[in-house]
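Have a look at the structure below, then the notes.
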């Protein structure tokens, strides 16, 4: 009778959709051995449900081994951890229908819980196994330890570790790997190292990678380098972890160099590596490097997944190519909130405030729900474009319609928007209404607004307050002395600068980066260290002469000291972005765009200088400063002189 029913199922399976039959998911031989054994390695939820329906139809749901295999398929299904509603309900209902589940079935149910949003349920089920006659095996512990890692359940994990030792599984390499990962996830890397060192003979590449990952998580790049060098075998995961360790620790150039070394060894990067090096390229503003990574993605036919697509948008936006970012966004086959956020924020930093808001409205119309990062982008768009009414509107709906509690970044955008629009009193009122203690950065933002609008008395009061709050922060002294300088109160300028030196709050040195000929070149003000320094200064003189003949006059108002006009001009003309720009003229072709990355806000005269250069030499110059992009072209800037 059972054989007849199985035959009927096979006949029905043959009439399933072509996408199933074409891939030979089912066959007579495999169905007789296990109804689900001929499913693909990672069956979809719908494929598993089709077989479940057939099992029920033919009255085979009481077959314990069939239902166990069904749960095993769900444990392997990618959709079991990402489907809508409550994805764990379905496998749990199947498990609860089994009267006497086997160890195999229980292990796979533990695995389902471990992948779900309820990983602690794995521990509950494991405890139930221990109370019953079921004895855990070497498959049980990796699954339950994976759940403990995900839930950061250190207390429960250490108890499971005790059971591992007591039951004699301490030398199983898969169990040991899971223990190393557990302790690393729970910030106990010293315990991971102890497990790693206990049985040197029981290690595989996964063991080394797990230990490597623990040190990466804790930012110990020196140890990562040492351990990586000692590895008897490395795979792409090993390289991925080393690259990630560099980038997460801010060693961006080292991360990119490691990526280059990996490619020279003929290894094909995985998705994690590509996303990591795209991030490094974005942070450094290295367009050529970013384009190289994009070409690698294309050459290996990597699918444009959510992480890769979002990484490309972010990279192109941060490298000054907002149009290419838009192309990458439009070509994504599927988008999630993070992809929209990257595009909204990218448009905002390029001063395309209205376009950013239009995209946000489209985002809402397509049914997405904004998160706090979304509104940082939206409010930043309003701030960069001076859209005061729009900023007030979106700040209001963020809290009232979407119930998102404003964070310091949201307040920062609003304070910047109001302050630069001259609405300093309204900005102060907003800060005073905050439920949390305001970050000094908010007051510092308003101090900058006081400088822009010449509010000396208010700026003086605010600057002194900030200096009292943080006597070592150089920016407060610089801003306050700038306010005095603008008012030509030179005695106060000298007093504040002397106070700054006495308290050892030295000003952060400004630098500018430019990518050329496969290298990153960095300049500081009055830099003479570059190998082509003499050529750079000669080019700077040529540029200065040409734009001077066209009517450019230096704006020396940013210079704080009461010194002669000629000295002020000399101080300004050696700013780091000018040196980078002159170098750009030396190493790029006629008419090519020059791209520069700065760590500080561009000064007023360098802004005027760049506009003049773009007009006289007919060159597009793109500068990414500490807060936004400036696209200089034909004597104009994309920021419309509002920055």
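The values are calculated or read from the model by the stated rules, or taken from the named source; none is laboratory data. These figures come from a predicted structure and were not determined experimentally. Methodologically, a virtual Cβ is constructed for each residue, glycine included, from the backbone with ideal geometry; neighbour enumeration extends over all protein chains shown.
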### Task
For residues that are over 12 Å from residue 512 (Cβ atoms), touching a strand residue (DSSP E or B) at 6+ places or on another chain (Cβ under 9 Å) and free of Cβ contacts under 8 Å to residues at least 60 places away in the same chain, tally how many sit in the range 569-592.
2
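Conditions tested, residue by residue: (1) outside the structural domain of residue 261 (by TED's automatic domain parsing); (2) modelled with pLDDT of 95 or more; (3) buried (at least 22 other Cβ atoms within 10 Å of the Cβ); (4) under 19 Å from residue 114 (Cβ atoms).
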| residue | (1), (2), (3), (4) |
| --- | --- |
| 159 | yes, yes, no, yes |
| 171 | yes, no, no, no |
| 203 | yes, no, no, no |
| 220 | no, no, no, no |
| 243 | no, yes, yes, no |
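Just wondering, is there one or more residues in the range 294-311 that are assigned to a helix (DSSP H, G or I), in contact with a strand residue (DSSP E or B) (Cβ under 9 Å, 6 or more places away or on another chain) and outside the structural domain of residue 594 (by TED's automatic domain parsing)? First the steps, then the outcome.
We begin by selecting, within the range 294-311, every residue assigned to a helix (DSSP H, G or I); these are 294-299, 306-311.
Subsequent filtering for residues that are in contact with a strand residue (DSSP E or B) (Cβ under 9 Å, 6 or more places away or on another chain) retains none.
No, the range 294-311 has no match at all.
Within 27 Å of the chain's Cα centre (by Cα), under 25 Å from residue 318 (Cα atoms), without any contact (Cβ under 8 Å) to a residue 24 or more places away in the chain and surrounded by fewer than 24 Cβ atoms within 10 Å (Cβ to Cβ): which single residue out of 361, 407 fits that description?
On the way: 407 fails: without any contact (Cβ under 8 Å) to a residue 24 or more places away in the chain.
Going through 361, 407 in turn, the sole match is 361.
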### Query
For residue 54, are the conditions met, namely being crowded, with 17+ Cβ neighbours inside 10 Å, closer than 24 Å to residue 139 by Cβ and modelled with pLDDT under 80?
no
### Task
Would you mention how many residues in the range 189-201 are free of Cβ contacts under 8 Å to residues at least 24 places away in the same chain and surrounded by 14 or more Cβ atoms within 10 Å (Cβ to Cβ)?
5
### Task
Those residues that are surrounded by fewer than 20 Cβ atoms within 10 Å (Cβ to Cβ) and either part of a loop (DSSP other than H, G, I, E, B) or touching a residue at least 60 places away in the same chain (Cβ under 8 Å) (or both), I need them from the range 368-382; list them, please.
368, 369, 371
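One line per residue, one yes/no per condition, for (1) part of a helix (DSSP H, G or I); (2) on the phi < 0 side of the Ramachandran plot:
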| site | (1), (2) |
| --- | --- |
| 171 | no, yes |
| 179 | yes, yes |
| 193 | yes, yes |
| 203 | no, yes |
| 209 | yes, yes |
| 219 | no, no |
| 227 | yes, yes |
| 234 | no, yes |
### Task
Considering each residue of the range 291-303, count those that are touching a helix residue (DSSP H, G or I) at 6+ places or on another chain (Cβ under 8 Å) and at pLDDT 95 or above, and give that number.
4
